[in-house]
């Protein structure tokens, strides 16, 4: 039975994804960011839940997510600017900070609660995508997601890469394109889409 580390995410509209990739390119060039975003490999995303699952659980997870999407309204993301935070290894990471609106908070909490029986926090390196040497902060983040980044601690954002950014202008509002289940790789990057559905109720 295969076990995978996954991220339940909202994927932004293509124009915003391309802009995030361009900003990430500056961090790669100027700060040697180890996170390298791409259109089809390390996708810009907003995390709603993380954990480990068995491959066999994916159909049930997809069914529950489709029901959640049907019963929960989705609204445009509201950008609050670029933020920088420090991970467990003392590295600075820049992200596009988004407002935790009531509807986004409700969606996050519904996903966390409804998928709790299907997700585990016991995540190991073998569950991640790729052959990279895994940064300790990767496993720390996934294992502690429920306790440190969920519910009252939920802080929606799109990770842009390692390093500090100078002030960057960004569109004030934009839409989510898809709800997806992604296989996590090093640095909690979304390496491949395991399942996705288009969001139409906006």
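Each reported figure results from applying straightforward, stated rules to the coordinates on display, with no laboratory input. Note that the coordinates shown come from a computational prediction; the quantities given were computed from them, not determined experimentally. We place every Cβ from the backbone using ideal geometry, glycine too, and count neighbours over all the protein chains shown.
Brief remarks follow.
- Matching residues, segment 113-123, being within 18 Å of the chain's Cα centre (by Cα) and loosely packed, with under 14 Cβ neighbours inside 10 Å: 113, 116, 121
- Test for residue 158: is it surrounded by 14 or more Cβ atoms within 10 Å (Cβ to Cβ) and not in a strand (DSSP E or B): no
- Residue 96 being in contact with a helix residue (DSSP H, G or I) (Cβ under 8 Å, 6 or more places away or on another chain) and within 16 Å of residue 44 (Cα to Cα): yes
- Residue within segment 7-16 that is under 14 Å from the mean Cα position of the chain (by Cα), under 18 Å from residue 165 (Cβ atoms), outside any strand (DSSP E or B) and in contact (Cβ under 8 Å) with a residue 60 or more places away in the chain present: no
- Some residue of segment 176-187 being in a loop (DSSP other than H, G, I, E, B) and in contact with a strand residue (DSSP E or B) (Cβ under 9 Å, 6 or more places away or on another chain): no
- Set 71, 13, 80, 30: member being within 29 Å of residue 133 (Cβ to Cβ) and surrounded by fewer than 19 Cβ atoms within 10 Å (Cβ to Cβ): 30
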